[in-house]
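The values are calculated or read from the model by the stated rules, or taken from the named source; none is laboratory data. Keep in mind that this is a model prediction, so the values were computed, not measured. So basically every Cβ, Gly included, is an ideal-geometry build from the backbone, and we count neighbours across all protein chains shown.
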Amino acid sequence: MDNMMGKRIKDWREARNLTQQQLAELLGISGQQVSEYERGRKRPPADKLVLLSEILGISTDFLLGRSSMPNASISPNPSEQLLQIGAYLRGVASEEDVKFILDFLETRRAAKAATEAMKAAANAIKIPDN
């Protein structure tokens, strides 16, 4: 059995900082059943699939492997966006890819900070027009 769904359930559960037992309680099932979903031994029935998608904040199409996008609509909340991106990357990016992305973001942050510092310095030494 293809385990794409199980991997996605696990990745998104972890992104939400939920244990298998916590997710099980939210779904009204046993922790063993969640474990079986994540290992690809069982597939959730339709009602649990819909509930899983609501709890994890992802589409059923994504869980079923019919879409590579976790959610049809990207959340306007930056923290939620980071969760969506992180869980998505767990499924497609290597450790090297993630390191590259983090290095890029750090370089971009440093460049932005340097630009702001240069603007502030330029404004501090401006000679007022007379």
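For this structure, a couple of remarks:
- Selection within region 4-27: residues that are aliphatic (A, V, I, L, M) and not in a loop (DSSP other than H, G, I, E, B). The member of this set that is nearest to I58 (Cα to Cα) is I9.
- Flag for A87 being in a helix (DSSP H, G or I), modelled with pLDDT under 80, surrounded by 10 or more Cβ atoms within 10 Å (Cβ to Cβ) and among the hydrophobic types (A, V, I, L, M, F, W, C): yes
- Considering residues of region 20-40 that are loosely packed, with under 15 Cβ neighbours inside 10 Å and in contact with a Gly (Cβ under 8 Å, 6 or more places away or on another chain) only, the residue nearest to P70 (Cα to Cα): R39
- For region 28-58, the set of residues classified as over 25 Å from I85 (Cβ atoms) and assigned to a helix (DSSP H, G or I) consists of G31, Q32, Q33, S35, E36, A46, D47, K48, listed by residue number.
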